[in-house]
1. Given the criteria in a loop (DSSP other than H, G, I, E, B), crowded, with 18+ Cβ neighbours inside 10 Å and not β-branched (Val, Ile, Thr), does Ser95 qualify?
2. Going by the structure shown, is Glu223 at pLDDT below 90 and among the acidic types (Asp, Glu)?
3. Run down Leu393, Leu401 and say which single residue is surrounded by 15 or more Cβ atoms within 10 Å (Cβ to Cβ), of a type in the set (A, V, I, L, M, F, W, C) and within 19 Å of the chain's Cα centre (by Cα).
4. Given the structure, is Phe89 open to solvent by 40 Å² or more (accessible area, probe 1.4 Å) and touching a Gly at 6+ places or on another chain (Cβ under 6 Å)?
5. Scan the helices (runs of 4 or more DSSP H) fully inside the range 318-363 and keep the ones with 2 or more residues being farther than 17 Å from Ala119 by Cβ.
6. Identify the residue in the range 407-441 that is more than 21 Å from Lys375 (Cα to Cα) and small (Gly, Ala, Ser) and, among all such residues, is surrounded by the fewest Cβ atoms within 10 Å (Cβ to Cβ).
7. Which pairs have Cβ atoms under 9 Å, sit 6 or more apart or on different chains, and link a residue in the range 452-464 that is in contact (Cβ under 8 Å) with a residue 60 or more places away in the chain to one that is surrounded by 16 or more Cβ atoms within 10 Å (Cβ to Cβ)?
Amino acid sequence: MAAPMLRLCCPGRRWALACIDGCSRHRRGAPNGCTSSRKRGQSSVAQQPFITAQKPRKGEHEWAAVVGLEIHAQISSKSKLFSGSQVHFAAPPNSLVSFFDASLPGTLPVLNRRCVEAAVMTGLALNCRINKKSLFDRKHYFYADLPAGYQITQQRLPIAVNGSLVYSFCAGKNRSQVINKTARVKQIQLEQDSGKSLHDDLRSQTLIDLNRAGVGLLEVVLEPDMSCGEEAATAVRELQLILQALGTSQANMADYEIQRQINELENGGEILNETRSFDSKLGCTIPMRDKEGKQDYRFMPEPNLPPLLLYDTESLPAGADPQQVIDIDRIREQLPELPSVTREKLVQQYGMLPEHSFTLLNEVGLLEFFQNVMKETRAEPKKVTSWVLNTLLGFLKQQNLAVSESPVTPSALAELLNLLDRKAISSSAAKQVFEELWRNEGKTPAQIVSEKKLELMQDQEALEQLCHAVMEGHPQVVMDVKKGNPRAINKLIGLVRKATLSRADPTVIKEILEKKLAS
């Protein structure tokens, strides 16, 4: 399987900060450069640095971001875009390199059908127009890990254009207001990746690994329609979910940059037009190279690849071999359920709040966990949602664990909720059982309940006697209740529960007390 990655950058005016001063909005100089974890050779729209006419003082201005994105997602494919070399993460260096990947003379590209289908599927999911004819180009630049001295891409006529990415995020005081936004998709194009340079500072040398060279990428270009980091991150997350639902990319990514630019400007600095790389260990972006000079990539048609021709039902040639052509309509029919549809179904089927449906999808593996619990429990969906989103997710985040690493399985949580649903245990006991499940793998909820003696009291007569004893021992509290203090009865309930070691149902206790107080 290919190494998962979603590469994100904002070249030229695709990610710029504007200064809002009073009622006016000023663009200061030319827009800034990019923040990127993508490969070298990224084109630049603007070539001038982001310069302030007057150095702002820290805290003097309110800054607003103008964000557009170019996202490179590695296609989930067993082989590379133009060669039969396997794609496998963490393989020994230079072990997955064909003659074509190494750019040996006389080798020719052979287009990977799977990569084309992935591009078409992604374009359809993003409401793009699929071009029945698209072209390949050479993009020239020179680095040690690019043996040919150029990349094959789709500059002039890409495979998909003019789409839209609809994304939503929760806002408001309790994040209960769902706001829908749309970012225009300019184009989606196929492109091959470059190799990887490994810099050894101790030995002052650079080693080249070409395993990644030629791996297929989807480049998704979004127009600058976003206005803050939250919107950009939400849009990227939605695209990530779409790519994962389609199976076209594993789509892992990282996002960071706006606050760095604000701090730089407010401290009197300048935002240079540059390519920056995201350092996952440091959690920040670092400069890679400047983009101040005009980049001349000398784009030219790829002479070794003919135009890529696609068909639909109407244009499909009679008697065409399905293995030799790609039918856009057939791919459209095979599109899986997209995240937006899944969220709607969750709200309608389980009556959950929209914001809860977002959380279930945004946390990797959480929706599957929830659905597996629902299959095995009789508890109401709202109660299951609460336990999964509040209790389980809270424990996971506290210990920085993924859902797949949870020591509490869906089956165990379902059994616990069944005990709670049939009132075999109280809510507080259920929390104790969950904590014990988290600490001790292998024990079932029923075993923990038995060992800890957490079962609810089923002896009604014994419970009535305890309630009577508590009332006899606290006459002043009883008097307060009879005088009309509604909170006083809670004290009596607490005393009875303490006497039963929290093994009595508070609702049943309250019913018994109210009956005795009324007599």
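The values are calculated or read from the model by the stated rules, or taken from the named source; none is laboratory data. Here the structure is a predicted model, which is why all the values come from computation and not from measurement. Note: ideal-geometry Cβ built from the backbone for every residue, glycine included; neighbour counts use all protein chains shown. Calculation scope for accessible area: heavy atoms of the full protein, side chains included, ligands and nucleic acids excluded. Shrake-Rupley method; radii C 1.70, N 1.55, O 1.52, S 1.80 Å.
1. Working: in a loop (DSSP other than H, G, I, E, B): yes; crowded, with 18+ Cβ neighbours inside 10 Å: no; not β-branched (Val, Ile, Thr): yes.
The answer is no for Ser95.
2. Numbers: at pLDDT below 90: no; among the acidic types (Asp, Glu): yes.
Spelling it out, it is not the case that Glu223 is at pLDDT below 90 and among the acidic types (Asp, Glu).
3. Details: Leu401 fails: surrounded by 15 or more Cβ atoms within 10 Å (Cβ to Cβ).
None of the others qualify; the one that does is Leu393.
4. Numbers: open to solvent by 40 Å² or more (accessible area, probe 1.4 Å): yes; touching a Gly at 6+ places or on another chain (Cβ under 6 Å): no.
Here the answer is no, as Phe89 does not meet what is asked.
5. Details: elements: 328-333, 339-350, 354-362.
By residue number, 339-350, 354-362.
6. The qualifying residue surrounded by the fewest Cβ atoms within 10 Å (Cβ to Cβ) is Ser427.
7. none
Residues checked against (1) closer than 25 Å to Gln399 by Cα; (2) part of a loop (DSSP other than H, G, I, E, B):
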| position | (1), (2) |
| --- | --- |
| Leu413 | yes, no |
| Leu420 | no, no |
| Lys443 | yes, yes |
| Met457 | no, yes |
| Gln465 | no, no |
